[in-house]
Amino acid sequence: TTQTETYEFQAEARQLLQLMVHSIYSNKDVFLRELISNASDALDKLRLEAFRNKDLEVEIDDLHIDLEVDRAARTLTVRDNGIGMSRDEVVGLIGTIAKSGTAELIQKLREAKNTDGAASADLIGQFGVGFYSAFMVADTVTLVTKKAGQAEATRWSSDGAGTYTVETIADSESVPHGTAVTLHLKPEDTEDQLHDYTDERTLRDIVRRYSDFVTWPIRLETEKTEDGKTTRRWETINSRKALWARPKDEVSEEEYREFYKHISHDWLDPLRTITVKAEGTFEYQALLFLPSRAPMDLYYRDAKRGVQLYVKRVFIMDNCEALIPDYLRFVKGVVDAQDLSLNVSREILQQDRHIQLMRRRLVKKVLGSIKEMMADDRGRYDTFWREFGRVVKEGLVEDPDNRKAILDIASFASTHHSEDLTTLRDYLDRAKDDQEHIYYLTGASRSVIENSPHMEAFRAKGLEVLILTDPIDEFWVEQVGEYEGKTFKSIAKGEVDLDGTDDDAAEQEKADEESFAALREWLGKTLSEHVKEVRLSNRLTTSPACLVGDTHDLPPALVKMYQQAGQ
Ligand code: ADP
Ligand code: MG
């Protein structure tokens with residue numbers, strides 16, 4: 001029995017679809033990359049499943065992705081014989097968007113929509129909408145799928161408006177496992193030779209441009225007419241070369257870029273490409289990328305992080321967290337190890353000695369590469385730090401072994417310049433020879449900090465102060481202690497000994513102490529519930545008084561956090 005049910009897209013999915021249907025993204029060709037990438041994932045999953053589950057009775061010797069064209073009907077089908085989906089999975093995976101940050105994305109898209117189409121495209125790119133991009137070129141999309149090892153096949157269909165239908169196919173037995181996505185192409189594309197997706201040349205070009213390195217064969221049914229006789233045959237149209245295994249100088253920038261987009265689901269170019277090749281007793285290769293834009297979900301707990309893990313060219317898993325620490329969670333890429341078991345699981349990975357070794361090396365490589373970028377391409381480095389600096393600073397707390405390396409690549413706002421950030425090296429170069437501290441002040445914003453009374457004496461003396469406004473700053477600055485022998489010192493805490501106080505000043509201080517003793521005593525009594533101590537200060541120039549924390553007090557932001565948490 002077949003039963004067709006109509007479902008509504010989840011609200012957020014519907015809004016995203018809308019944007020696709022009225023395509024704001026100028027490069028529609030990428031829909032094919034998205035569908036091929038899904039097919040490729042499905043083949044990876046099936047191979048892995050067949051490997052782990054010996055009871056699964058499926059043929060995995062001939063896994064491939066087929067592109068089928070019906071010119072008369074104006075349809076293009078992308079077919080894989082991969083893992084497939086159950087009926088429930090179709091509803092769950094295709095009908096909803098389960099990603100963190102979707103609401104924010106839609107909000108931002110709304111804001112950008114009326115003003116700037118390019119900005120919207122960027123936003124979508126950061127998010128990666130995958131399957132839905134089919135609606136940029138199709139009026140109707142039909143998906144037929146059967147999960148490997150199951151009997152029931154499902155048909156899903158939608159015109160990208162509010163609803164989709166799902167039915168169980170009556171003759172499920174005749175459907176092979178895997179997924180076929182059929183696009184009923186929009187009519188207006190007919191005149192456009194370059195974007196006629198029923199045209200063999202067009203499809204070849206797009207596949208070569210975006211999906212050449214996909215490890216599975218992408219096949220196109222081609223026609224050849226010889227001596228008046230027409231024959232049709234399947235031809236593999238991608239070269240299938242694993243990019244990370246090829247020598248660096250044989251790979252073009254464009255190939256790296258497209259590969260990055262393939263694995264990251266980002267539509268923007270990467271900021272930097274990092275290649276790693278380890279030889280010797282434990283061999284592996286890595287190809288890593290720094291994105292040029294922070295993803296929407298960078299600060300979400302459940303966001304996907306980590307790199308792809310391959311073992312001897314066989315895809316093992318996505319989002320392998322064990323290889324990359326949390327504070328470098330934005331790094332994308334592939335690690336291919338020679339001597340790991342294909343059977344590794346996430347649990348085993350955490351403890352594996354080889355993985356630990358690789359991780360340490362990859363961290364060094366990434367930090368080193370950022371340092372290089374700082375030296376050879378300051379503009380790019382600035383972009384990087386603006387997008388990811390906050391996350392990298394988490395490493396100062398998380399990864400004490402690499403503190404120095406992280407401080408070397410960090411930059412901070414400071415009183416030296418109203419906009420440009422400074423490195424600690426530059427701060428120290430500007431500091432007076434006898435300055436023992438790196439002065440800083442934490443706070444909610446630059447203007448709050450600049451207007452703080454604590455700042456007055458420092459400004460008067462021409463002492464540079466770092467302006468730290470990220471929540472994470474409170475944490476690391478407490479723990480890190482020093483940089484190149486100079487200690488970090490909050491100008492809001494304890495006694496600040498402004499270097500160079502001379503003897504005259506000391507005598508003046510003594511006299512002041514005496515003449516203000518009565519006032520201090522009175523203030524101390526009157527404010528006894530609120531302050532520990534009232535003392536004279538040389539840190540103010542125009543304000544009469546300010547509040548100062550004890551050297552060992554919790555930072556104000558932490559106090560606030562604890563209070564909010566009810567402690
Ligand atoms: P993403 O690939 O980023 O997860 P997509 O929108 O491209 O997002 O796809 C959503 C989900 O639908 C996939 O994660 C996958 O589970 C499922 N899916 C899509 N295409 C296929 C396919 N060809 N075979 C199996 N599952 C698929
Ligand atoms: Mg996808």
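The values are calculated or read from the model by the stated rules, or taken from the named source; none is laboratory data. Computed from a prediction, not measured in an experiment: that's the story for all the values here. For neighbour counting, all protein chains shown are included, and Cβ atoms are generated from backbone atoms with ideal geometry for every residue, glycine included.
Quick notes on this structure:
- Residues located in the range 100-136, provided they are assigned to a loop (DSSP other than H, G, I, E, B), more than 8 Å from ligand 1 (Cβ to nearest atom) and at pLDDT 60 or above: Ser100, Gly101
- The range 466-486 residues that are in contact (Cβ under 8 Å) with a residue 24 or more places away in the chain and part of a helix (DSSP H, G or I), paired with ones that are among the small types (Gly, Ala, Ser) and crowded, with 18+ Cβ neighbours inside 10 Å (beta carbon under 8 Å, 6 or more apart): Val477/Ser490
- Residue within the range 364-371 that is farther than 25 Å from Tyr310 by Cα and of a type in the set (Ser, Thr, Tyr) present: no
- Cross-chain or 6+ apart pairs with Cβ under 9 Å, the range 426-440 first and within 23 Å of Ala375 (Cα to Cα), then surrounded by fewer than 16 Cβ atoms within 10 Å (Cβ to Cβ) and of a type in the set (Phe, Trp, Tyr): none
- Residue ID - modelled with the lowest pLDDT, chosen from residues in the range 450-475 that are within 24 Å of the chain's Cα centre (by Cα) and among the β-branched types (Val, Ile, Thr): Ile472
- Residues of the range 240-277 that are touching a helix residue (DSSP H, G or I) at 6+ places or on another chain (Cβ under 8 Å), in contact (Cβ under 8 Å) with a residue 24 or more places away in the chain and part of a loop (DSSP other than H, G, I, E, B): His265, Asp266, Trp267, Leu268.
- Of all residues in the range 301-316 being within 16 Å of ligand 1 (Cβ to nearest atom) and surrounded by fewer than 17 Cβ atoms within 10 Å (Cβ to Cβ), the one that is nearest to Lys108 (Cα to Cα): Ala303
- In the range 68-85, the residues that are out of contact with any Ser or Thr (no Cβ under 7 Å at 6 or more places or on another chain) and not acidic (Asp, Glu): Ala72, Ala73, Val78, Arg79, Asn81, Ile83
- Every condition in (1) within 16 Å of ligand 2 (Cβ to nearest atom); (2) assigned to a loop (DSSP other than H, G, I, E, B) is met by Ala72 except one, and the failing one is (1).
- Of everything in the range 47-57 that is more than 18 Å from Met317 (Cα to Cα) and at pLDDT below 90, the residue that is farthest from ligand 1 (Cβ to nearest atom) is Lys54.
- Leu298 fulfils the conditions (1) assigned to a loop (DSSP other than H, G, I, E, B); (2) crowded, with 20+ Cβ neighbours inside 10 Å except for a single criterion, (2).
- Matching residues in the range 152-179 - criterion: being crowded, with 17+ Cβ neighbours inside 10 Å and free of Cβ contacts under 8 Å to residues at least 12 places away in the same chain: none
- Matching residues in the range 329-358 - criterion: being in contact with a Pro (Cβ under 9 Å, 6 or more places away or on another chain) and part of a loop (DSSP other than H, G, I, E, B): Phe330, Val331
- The number of residues in the range 301-321 being under 13 Å from the mean Cα position of the chain (by Cα) and assigned to a loop (DSSP other than H, G, I, E, B) comes to 6.
- Selected residue [charged (D, E, K, R), more than 16 Å from ligand 2 (Cβ to nearest atom) and under 26 Å from the mean Cα position of the chain (by Cα)] from Arg33, Arg14: Arg14
- Filtered residues of the range 144-187 (kept if within 13 Å of ligand 1 (Cβ to nearest atom), outside any strand (DSSP E or B) and of a type in the set (A, V, I, L, M)): Ala148
- Hits in the range 26-46 (condition: of a type in the set (Gly, Ala, Ser) and either closer than 19 Å to Thr142 by Cα or within 10 Å of ligand 1 (Cβ to nearest atom) (or both)): Ser37, Ala39, Ser40, Ala42
- Residues that are outside any strand (DSSP E or B) and farther than 17 Å from Ile348 by Cβ, drawn from the range 282-295: Glu283, Ser292, Arg293, Ala294, Pro295
- Test: residue in the range 271-290 that is in contact with a Leu (Cβ under 9 Å, 6 or more places away or on another chain), modelled with pLDDT of 85 or more, surrounded by fewer than 18 Cβ atoms within 10 Å (Cβ to Cβ) and more than 24 Å from Phe315 (Cα to Cα): no
- Scanning the range 541-556 for residues that are modelled with pLDDT of 70 or more and part of a loop (DSSP other than H, G, I, E, B) turns up Thr542, Ser543, Pro544, Ala545, Cys546, Leu547, Val548.
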